[in-house]
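Rule-based calculations on the coordinates, nothing more; no lab input. Treat the numbers as computed from the prediction; the structure is a model and nothing was measured. All Cβ positions, glycine included, derive from the backbone under ideal geometry; neighbour counts span all protein chains shown.
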Amino acid sequence: MSKFMVLYQAPFNASQKMGASTPAQMKTGLAEWRAWKEKTERTGASFEFGMPLDAKRHLEPDGATSESKLKVSGYGIIEAESLEMAVGLLKDHPHLKSEGASLELLAFVSMPGL
C-alpha cells in the first residue's frame, strides 16, 4: 500500500465556511464525508480525516514572513494500492462539490533510517 496526502484547495476560508453553515448543513456535509470514507474503505483503501486549515503564513530563510498564497483549506491521508487507485477513489470526494474546490494528491516518500 502507498500513502498519500490529500490537500483540499478552495477559494474560501474553511472557518468562515463552517461558521456560515447551519447545523443541518453541517450534519448533511459530515454525513456525505463519512459515507465517502466508508465506501472508500470497502475497496481495501484507508482514509484518515485530517483537519481544516486557516491562518496561512509564508516563511523565508532570512526570517521574513508574508501571507501565504496557497489555497489549501485542509488535508487528509489516503492509503491505496497505487496512485491511480487513489485518484480513482478521490474522483467523487465530497470536497469537489464546493464551487472552485480541487484536490492535490502527494505521495509520501519513505525515508530510510528515520
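Of note:
- Close pairs from the range 6-19: first of a type in the set (A, V, I, L, M), partner loosely packed, with under 14 Cβ neighbours inside 10 Å and assigned to a helix (DSSP H, G or I), Cβ under 9 Å, at least 6 apart: Met18/Met26
- Residue match in the range 93-102 (condition: surrounded by 13 or more Cβ atoms within 10 Å (Cβ to Cβ), assigned to a helix (DSSP H, G or I) and touching a residue at least 12 places away in the same chain (Cβ under 8 Å)): yes
- Of residues in the range 43-79 being surrounded by 14 or more Cβ atoms within 10 Å (Cβ to Cβ) and among the hydrophobic types (A, V, I, L, M, F, W, C), the one farthest from Ser102 (Cα to Cα): Ala45
- Any hit, the range 56-63, residues being part of a helix (DSSP H, G or I) and either under 19 Å from the mean Cα position of the chain (by Cα) or among the β-branched types (Val, Ile, Thr) (or both): no
- The selection criterion, being over 30 Å from Lys39 (Cα atoms), among the hydroxyl-bearing types (Ser, Thr, Tyr) and outside any loop (DSSP other than H, G, I, E, B), does not hold for Ser73.
- Any hit, the range 32-41, residues being out of contact with any Ser or Thr (no Cβ under 6 Å at 6 or more places or on another chain), among the aliphatic types (A, V, I, L, M) and closer than 13 Å to Ala86 by Cα: no
- Subset of the range 3-42 (residues that are of a type in the set (Gly, Ala, Ser), in contact with a strand residue (DSSP E or B) (Cβ under 6 Å, 6 or more places away or on another chain) and either over 18 Å from Glu99 (Cβ atoms) or in a helix (DSSP H, G or I) (or both)): Ala14
- Qualifying residue in the range 81-97 (condition: charged (D, E, K, R), in contact with a strand residue (DSSP E or B) (Cβ under 8 Å, 6 or more places away or on another chain) and closer than 27 Å to Lys17 by Cβ): no
- Taken as a whole, the structure places Ala86 among residues that are among the hydrophobic types (A, V, I, L, M, F, W, C), in contact (Cβ under 8 Å) with a residue 24 or more places away in the chain and surrounded by 16 or more Cβ atoms within 10 Å (Cβ to Cβ).
- Qualifying residue in the range 63-78 (condition: free of Cβ contacts under 8 Å to residues at least 12 places away in the same chain, among the acidic types (Asp, Glu) and more than 19 Å from Ala10 (Cα to Cα)): no
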